[in-house]
Every structure is written in structure tokens, then in C-alpha cells.
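Please read the structure below before turning to the comments.
No lab work stands behind these numbers, since they all come straight from the coordinates. Keep in mind the model is a prediction, meaning the values are calculated, not measured. Note that we place each Cβ from the backbone using ideal geometry, even for glycine, and neighbour counts take in every protein chain shown.
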Amino acid sequence: MTVGNYKNPCSIGIDFGGTSVKIGALSEMLSDENKDPRILITSDYDSVQSLITAMVNVVNELRDEKKNIVTLGCGVPGLVDFELGHIHTLTNVPGWNDVPFREMLEERLKIPIFVDNDANCMAYAEFRYGAAKGCSNVVALTLGTGIGGGLIIGGKLYRGTGFAAGELGNHSIDYRGPENTYGLRGALECYMGNRQICELAKERFDGRQEPVGGWNPQIVTSLAIEGDPIAIEIWNQVAEWLASALASTAWLLNPDAFVIGGGIACAGDFLFDPLRKKINNQVSDVIAKDLKIVPAHFGKEAGIIGSAAQALDKYNQG
């Protein structure tokens, strides 16, 4: 595949979500101005082909603006064959089963395309440009509706044999706990997704008037900031669950850093202070002394940055 030779080559990143597709150039997303990405609403398109055509049109608009675009990366929330660029399943987007995504885009765009899981893209963004810059071994987590994860080992993304590594939401913290969809008892995701935290708040704040729209992690954090002891205890409980999973992961991988993003990380120090203490109490001094446990640097732009950075690094490696 032939692309131009440029002194400062640039890449485009696509963050393929359940409700929208965000597209942006890496240089713009990393700039101080941090331009907003182009956004496509997935429900506006009635087929795989029509959405891909819309993506191609947006990418070509960016290429007209920035003549040094040489490659493109895409992060998707689902099962991906990284080597082939196939999307096996796409979370919350019907019709995207066994789609040869890379092949379809390369045929239209005539530049190298790289496709990966969105949690891996988040991990790579933090490793290259964010909270884990300068680290070699990183465990990155996104805490939201579910729990996603990506692993950097020896300075490289570790995907596993079937490209499914890093799914720490399926890490068991109680063999007697509730079963998840895979029949695994006590999976971390059974305790601390958004829904579970809302249920915990409803239980702990029993008798208190429920907020309009119901409980959510942001409201619990606001109450903690006001000094509400129940809200503070909720985040202590969440930290205890998370520490159980991360401490055993620390023993297994001895990473430089745990980087934690997603909506639940909005709790800030109410989550991170007890989390650091609980993890450090469960690992050896050798592991604890160099271990960073930090919030993610990037927010919603992480998917674009991580996918574009992967693509550009692979292009530069030849």
C-alpha cells in the first residue's frame, strides 16, 4: 500500500462507541487547543456499509485539511481480531458481527488501517502521552457501565492468544459471589459497575429521599465532598473491592502503574486515597515502592488518541 513520504506524518483515530463514532487527527487531539472530534451518531445509519461510507467521508475531509495523514487507527468496544482487523462482535451496535473492517476501510482509503479493542487504545494513550508516560509495565482500567482493561508489558500492548487479555472486570474477588454472564462467581464487574454503585447507594442511603433521576457515582461524590459519612464509606467499600483485584494483579505482573479512568474515577481522592492504602497493605514493599496508582490523564478523547498513536507508531516502525 503506497502513501506519501512526509517529514511529519500524522494519523487519524476513530473511537467507535455504542451510540456514536468520534473521529479526529492525533496532532489536533494532542494540541493545546484540543479541537473537538467529528461525531457520527450510529443510529442515523441503517447498515454497516452506510456507516462505513460516512466514516470514509469524514476521514477524507480531514485528509483534505491535513495533507500529511498516512495511517488510521480504530478502537472498538467488542471482540476484535487485531491481526486481521476483523470485528467479531460490537457492543450495543446490531449488525456488526464478523465484519472485515480493516479490509473495507483500506479498500476505500488506500492507507494502512489498524483495529483494536477500545480498552487497549485507552491503555496505549496513557502509556504514550498520559499518566503512564515513561512506564514500561502498565495496567489501565476504565470503570463505567462495565470494567474494561488493557495491559502494557515490556513497553508493548499485551493482547493474549485470542486478543482478549486485560479483562479485569472478570477477575474474581469472591468465589462465593454472584455469577456473571460467563458463570464466573464474584467477578469484579458484579460489584462495581455504575449500576452496582447506584444500587449500593440506594441501600446505604435507605430512608433518604432519592435524587431526581436516581443515584449515580457523581451524586455520591458530591455528597462525599460535603462530608457525608455514608458517601465516603461507599467509596471506601468500592476501593476495597477494587484493591482485592488490583493487589493480586500487582503480585502477578509487578507493574509500574495502575491507571484508572472512566466515570467512576470521578470520585478522585475519595477513591484513590483508600485504594492506594489498601493495595499497599496487601503487597510486598518491593512491589509497593515503585507502584503508581493514578487517575487517567485523558478523558473521552483517549480512544482517538490511543488508536491514532498505535497506528502512527506502527507506520513509523515500517
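Side notes on the structure shown:
- Label-point separation, residue 56 to residue 252 (7 Å along Cα→Cβ), nm: 4.1 nm
- Nearby lysines by direct alpha-carbon distance to residue 22 (threshold 17 angstrom, same-chain neighbours under 8 apart not counted): 35, 300
- Summing +1 for each Lys or Arg and -1 for each Asp or Glu among the other residues whose beta-carbon sits under 13 angstrom from that of residue 200 gives -2.
- For the chain, built as a Gaussian network whose Cα springs stay under 10 Å, the top-fluctuating residue of 49, 196, 237: 49
- P(r) histogram, all alpha-carbon pairs of the chain included - 20 Å bins from 0, percent: 32, 55, 13, 0
- Taking 46, 256 and counting other C-beta atoms within 10 Å, the order from fewest to most: 46, 256
- As an equivalent ellipsoid, region 131-295 spans semi-axes of 27, 18, 14 angstrom, where each value is the square root of five times an eigenvalue of the C-alpha gyration tensor, largest first.
- For the chain, the longest principal axis of the C-alpha atoms and the axis of helix 48-65 are separated by about 70°.
- The alpha carbon centroids of region 205-275 and region 72-150 are separated by 26 Å.
- Positive minus negative residues near residue 163 (Lys, Arg vs Asp, Glu; Cβ under 15 Å): -3
- Residue among 153, 264, 113 with the largest mean-square fluctuation in a Gaussian network model of the chain, springs linking Cα atoms under 10 Å: 153
- Fraction of beta bridges assigned by DSSP in the chain that are antiparallel (%, nearest 5): 55 percent
- Packing-based exposure ordering (other Cβ within 10 Å, fewest first) of 220, 99: 99, 220
- When the chain is treated as a Gaussian network with alpha carbon springs shorter than 10 Å, the biggest mean-square fluctuation among 260, 23, 287 belongs to 287.
- Using just its DSSP H runs of length 4 or more, each adding -39500 (n - 2.57), the chain gives a mean residue ellipticity at 222 nm of -12000 deg cm²/dmol after division by all residues.
- Exposure proxy ranking for 53, 71, 142, based on other Cβ atoms within 10 angstrom of each Cβ and starting from the fewest, stands as 53, 71, 142.
- Built amide H within the under 5 Å cut-off of residue 115, gap 5+: 74
- Look at the Cα gyration tensor of region 25-157: its axes a ≥ b ≥ c give a/c of at least 1.5 with a/b at or below b/c, and that counts as oblate.
- The C-alpha atoms of the chain define a longest principal axis, and helix 269-280 lies at about 80 degrees to it.
- For a straight C-alpha distance cut-off of 13 angstrom, the aspartates and glutamates reachable from residue 277 (same-chain residues fewer than eight places away being disregarded) are 240, 269, 285.
- Debye log10 I(q)/I(0) for region 10-57, one point scatterer per Cα, at q = 0.15, 0.17, 0.18, 0.30 Å⁻¹: -0.41, -0.51, -0.56, -1.12
- Residue-count net charge about residue 280 - beta-carbon cut-off 13 Å; Lys, Arg +1, Asp, Glu -1: +2
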